[in-house]
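For reference, the structure is listed below as structure tokens.
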Amino acid sequence: MQPDLQLTVREETANDAAAVDQVVQEAFGQRDEAEIVVRLRNRNELTLSLVAEVTAAGQQNSLMAGHIAFSPVTIAGQSGGQRWLGLAPVSVAPEFQRQGIGSQLIEAGLERCRGLGAELVVVLGEPGYYSRFGFEPASRFGLENCFGVDEPFRVLVLNGRPEDVPHGMVAYSPAVMGTDVDGTVSG
Ligand SMILES: CC(C)(COP(=O)(O)OP(=O)(O)OC[C@H]1O[C@@H](n2cnc3c(N)ncnc32)[C@H](O)[C@@H]1OP(=O)(O)O)[C@@H](O)C(=O)NCCC(=O)NCCS
């Protein structure tokens with residue numbers, strides 16, 4: 001971060017939806033991930049939604065620089081409520097990337113998930129990036145995924161004993177997968 005910029009990470013409020021939508025779209029350069037956030041919000045499945053705001057020194061107005069979402073996943077067809085969460089998506093606007101904002105969003109998000117009592121968080125992403133935060137290959141814990149990947153599908157145990165992590169197929173919400181109730185892919 002430039003020294004004259006101040007970063008604030010806070011929970012999304014009702015007024016943030018449009019700015020979140022814009023920052024997610026800008027980060028990915030497409031609508032797909034922004035639509036995931038919209039669907040999660042509409043389904044009331046945003047267990048945790050954090051925004052990162054940047055304020056210039058001496059200024060009142062802040063800019064939305066990033067966002068992170070966590071939502072429930074199922075394991076072996078079982079719902080864990082807030083105990084089992086998926087991290088997706090995490091977004092930093094292009095002009096603010098590589099300044100530590102993504103890392104701060106992930107660290108703050110994981111800390112809050114731990115506070116909510118979440119036992120584990122899964123993520124599908126760049127192994128080298130997510131290993132920085134302690135994510136390990138989920139296959140080591142007997143957790144499967146439907147994406148046909150191994151190393152990129154990762155888990156972080158936040159509460160409880162790693163040996164107590166349930167085994168089986170992890171499924172994200174249809175809001176994340178972009179599937180309708182009949183399993184067809186939308187968008
Ligand atoms: C991925 C993303 C959230 C990271 O946020 P960020 O604020 O740029 O990241 P940070 O500044 O905290 O960390 C930067 C470091 O992470 C690494 N990094 C960032 N994105 C990476 C990626 N996709 N793969 C591997 N490494 C990555 C950088 O190499 C950099 O390493 P360095 O510090 O050694 O130079 C951001 O780049 C982004 O929004 N990208 C587009 C959307 C996306 O791919 N989201 C993740 C998938 S859900």
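The values are calculated or read from the model by the stated rules, or taken from the named source; none is laboratory data. On a predicted model such as this, the values are computed, not experimentally measured, just so you know. Note that each Cβ is placed from the backbone with ideal geometry, even for glycine, and that neighbours are counted across all protein chains shown.
Counting only residues that are of a type in the set (V, I, T) and over 22 Å from V73 (Cα atoms), region 91-120 holds 2 of them. The number of residues in region 131-145 that are within 10 Å of V155 (Cβ to Cβ) and part of a strand (DSSP E or B) comes to 3. Sub-8 Å Cβ pairs linking a first residue in region 137-153 that is among the small types (G, A, S) to a second residue that is loosely packed, with under 15 Cβ neighbours inside 10 Å, at least 6 apart or interchain, are S139/D150; G142/H167; G142/G168, ordered by first then second residue. Please indicate, with yes or no, whether at least one residue in region 45-62 is of a type outside the set (G, A, S), in contact with a Cys (Cβ under 9 Å, 6 or more places away or on another chain) and modelled with pLDDT of 95 or more. Within region 45-62 (the criterion being of a type outside the set (G, A, S), in contact with a Cys (Cβ under 9 Å, 6 or more places away or on another chain) and modelled with pLDDT of 95 or more), the answer is yes, since at least one residue qualifies. Against the conditions (1) of a type outside the set (A, V, I, L, M); (2) touching a helix residue (DSSP H, G or I) at 6+ places or on another chain (Cβ under 7 Å); (3) under 19 Å from E26 (Cα atoms), Q99 satisfies every one except (2).
From the list G134, G178, the one residue that fits, being within 16 Å of the ligand (Cβ to nearest atom), surrounded by 13 or more Cβ atoms within 10 Å (Cβ to Cβ), of a type in the set (G, A, S) and within 26 Å of R43 (Cβ to Cβ), is G178.
Please indicate, with yes or no, whether at least one residue in region 146-163 is touching a strand residue (DSSP E or B) at 6+ places or on another chain (Cβ under 6 Å), β-branched (V, I, T), closer than 24 Å to E12 by Cα and surrounded by 14 or more Cβ atoms within 10 Å (Cβ to Cβ). Within region 146-163, none of the residues are touching a strand residue (DSSP E or B) at 6+ places or on another chain (Cβ under 6 Å), β-branched (V, I, T), closer than 24 Å to E12 by Cα and surrounded by 14 or more Cβ atoms within 10 Å (Cβ to Cβ). The residue of region 1-54 that is nearest to Q97 (Cα to Cα), among those that are among the small types (G, A, S) and surrounded by fewer than 16 Cβ atoms within 10 Å (Cβ to Cβ), is G29. In this structure, A65 does not qualify as in contact (Cβ under 8 Å) with a residue 40 or more places away in the chain and out of contact with any helix residue (DSSP H, G or I) (no Cβ under 9 Å at 6 or more places or on another chain).
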